[in-house]
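Worksheet for the structure shown next.
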Amino acid sequence: MKVLGIESSCDETGVAVYDTALPGAAGLRAHAVYSQVALHAGYGGVVPELASRDHVRKLLPLVRQTLSGAGLGVGDLDGVAYTAGPGLVGALLVGAAVARSLAWALEVPAIGVHHMEGHLLAPLMEDDPPVPPFVALLVSGGHTQLVAVDGIGRYRLLGETLDDAAGEAFDKTAKLMGLPYPGGPQLAALAEQGRAGAYRFSRPMTDRPGLDFSFSGLKTQVLLAWQQSDRSAQTRADIARGFEDAVVETLAIKCERALDAAGSDVIVVSGGVGANRRLRARLQEMAAARGGRACFPRPALCTDNGAMIAFAGALRLAAGQHDGLEINAVPRWDMATLPPVAAAA
Ligand SMILES: Nc1ncnc2c1ncn2[C@@H]1O[C@H](COP(=O)(O)OP(=O)(O)OP(=O)(O)O)[C@@H](O)[C@H]1O
Ligand SMILES: [Mg+2]
């Protein structure tokens, strides 16, 4: 089954074709992402109306480019999947309207995909995918969640952030140290030059039981350290390293606790912060020490993309699930309310 996936929930337009007939990573026939980062940079954050308008401009050319990259025509598609939420409603509506209309014209089924389920399942697109049950860590710009995955579509929230998401903490901390928007990846690059232990920040909420997170206090600690420092290039890198180590260590401690709670040794990680090199190494080390493994998508599929939507949609469409003729776009959506996917679990 060849499924076109469309992602437009925020500031990335993503399009992909996933083919369920091909094994593992080979199933991803083509994917393309257009990032609006430059468009929003001057505002220091995403401007919803500008995001929607840019999706309108970029989506159809990207669909054509992706189909041609896959060597397919529209008539070869067996289904269309699109992000139906959570996200910015105006932005979601662009992808939803294009996807639903295309499916109607082609007389193929369409399905609205939960954006976070897309992230969660992205590691399963790679070769040698983990099979549920396992624990998922979702670490993106808007979410930090630990989820017990009992099967595809069977999700139990174990813990989440009470304030900033991990990616948001990276971005805000980068901003207060004067790095350009969006700062997360730049802060991580800077941390590569930093010395471990030169600055030590707290590991929030690890001193008590529980699987929730709180990252907003960390940026205040960083701000104080930065203001009181000599502000040299080496100090900036050292502080970046101290911040990154605090986030990585906090995530690793909670992931290990979540594995204990769920009785699992497999942790699946996705969302933009999942691209972080040190986080990947630390979680791999933690899981290996208990005889399990940590699974990640390739870094390009950690941040928003159409491939994860094509893949999640393909699993559901192949199991016989699909929507009606309506166009679905919802700003909030609880992942625990999704129906299970029996055939693929
Ligand atoms: N190497 C990295 N290290 C740390 N953070 C990173 C890295 N690369 C990307 N990020 C962070 O990942 C986030 C973007 O990820 P993603 O695209 O998954 O989030 P989002 O789609 O905006 O949020 P959500 O999926 O929750 O709606 C940003 O906050 C960015 O700073
Ligand atoms: Mg996302």
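The values are calculated or read from the model by the stated rules, or taken from the named source; none is laboratory data. Predicted model, so just to flag it, every value in this text is computed and none were measured. FYI the Cβ positions are ideal-geometry reconstructions off the backbone, even for glycines, and counts take in every protein chain you see. Each accessible area value is taken on the protein alone, full model and side chains, heavy atoms only, with ligands, DNA and RNA left out. Shrake-Rupley method; radii C 1.70, N 1.55, O 1.52, S 1.80 Å.
Structure data summary
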| item | result |
| --- | --- |
| From the C-alpha gyration tensor of region 132-296, square roots of 5λ in Å | 28, 15, 14 |
| Loop-located GluC sites (Glu not before Pro) in region 106-146, at most 11 other Cβ atoms within 10 Å (DSSP) | 107 |
| Region 2-148: relative contact order in percent, alpha carbon pairs under 8 Å with at least 6 residues between | 25 |
| Overall form of region 1-155 per C-alpha gyration tensor (a/c, 1.5; a/b vs b/c) | oblate |
| Surface accessible to a 1.4 Å probe, per residue, for the residues of the chain, Å² | 40 |
| Spherically averaged projected area in nm², based on the convex hull that wraps the Cα atoms of the chain | 16.5 |
| Solvent accessible area, Å² - residue 58, 1.4 Å probe, full protein context | 60 |
| Degrees between helix 216-227 axis and first principal axis of the chain (Cα, 0 to 90, nearest 10) | 50 |
| Theoretical gain in end-to-end length, residue 220 to residue 300 [0.36 nm per residue, Cα-Cα removed] | 25.8 nm |
| Pairs beyond 30 Å (Cα-Cα), from 219/254; 58/254; 2/254; 58/175 | 58/254; 2/254 |
| Sparse-neighbourhood loop sites, trypsin sites (Lys or Arg not before Pro) in region 272-345 - DSSP loop, at most 11 other Cβ within 10 angstrom | 332 |
